[in-house]
1. Return the distance in nm (one decimal) between the two label points of a simple spin-label model at Tyr99 and Phe161, each offset 7 Å from Cα along Cα→Cβ.
2. Trp88 versus Val147, label points 7 Å from Cα toward the beta carbon: distance in nm?
3. Just rank Asp47, Asp94, fewest to most, by other beta-carbon atoms within 10 angstrom.
4. Can you sort Cys71, Cys25 by how many other beta carbons sit within 10 Å, fewest first?
5. Evaluate the distance, in nm, between pseudo-label points positioned 7 Å from the Cα of Leu66 and of Leu116 along their respective Cα→Cβ axes.
Amino acid sequence: MELSIQKTEALIRLSTIVMLVLTACLIGLDSQTKVIFYVQKKASFNDLRALVFYLYITSLAAAYNLLQLCCSSFYKGTSLQSYAYLAWLRYILDQAVVYAVFAGNLAAMEHSFLVLTGEENFQWLKWCNKYTRFCTQIGGSLLCGFVAILLMFSIASISAFNLFRLYSPTKFMHLKL
């Protein structure tokens, strides 16, 4: 059973890496140039600070998952009971990565929503009327990011299961009647 859990976790981590790299590529390669009143204007992810931050977060999360994938092949076939501190570390890091990517995705979505709708009080214009491909690509990257978050949530659940199965209630409760 432990081997099938490790295989499932490896497959989910690999899928997560693919989704995070796809998200980073969609954001990082997104730009659109339009000529407006004989002036060439360019919309890029660099114009939105939340997208730059999200690009860094997704890249780091993909690197972390790749590192965990490589490390799990190193510990393949060994019992985690001898590596309880590694199970705790993996659990905490998996949780932190999920929350960081989730927060980055929500911040990027909020910033993108302001670009989509505009804000008259701050005199921010609607970009998506002029830069439709740019906005569509950012929307696709945010969707890929949410799929990656769901996959990382399942990874965090597996790491929680792997950690807390080390602490059996019968192990600590030896009752003498």
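Throughout, read-outs are computed from the coordinates displayed, never taken from laboratory work. Predicted model, so just to flag it, every value in this text is computed and none were measured. In this analysis, Cβ positions are derived from the backbone assuming ideal geometry, glycine residues included, and neighbour counts consider all displayed protein chains.
1. 2.3 nm
2. 3.7 nm
3. The most exposed by this proxy come first: Asp47, Asp94.
4. Ascending Cβ contact count within 10 Å gives the list Cys71, Cys25.
5. So the label points at Leu66 and Leu116 sit 3.1 nm apart.
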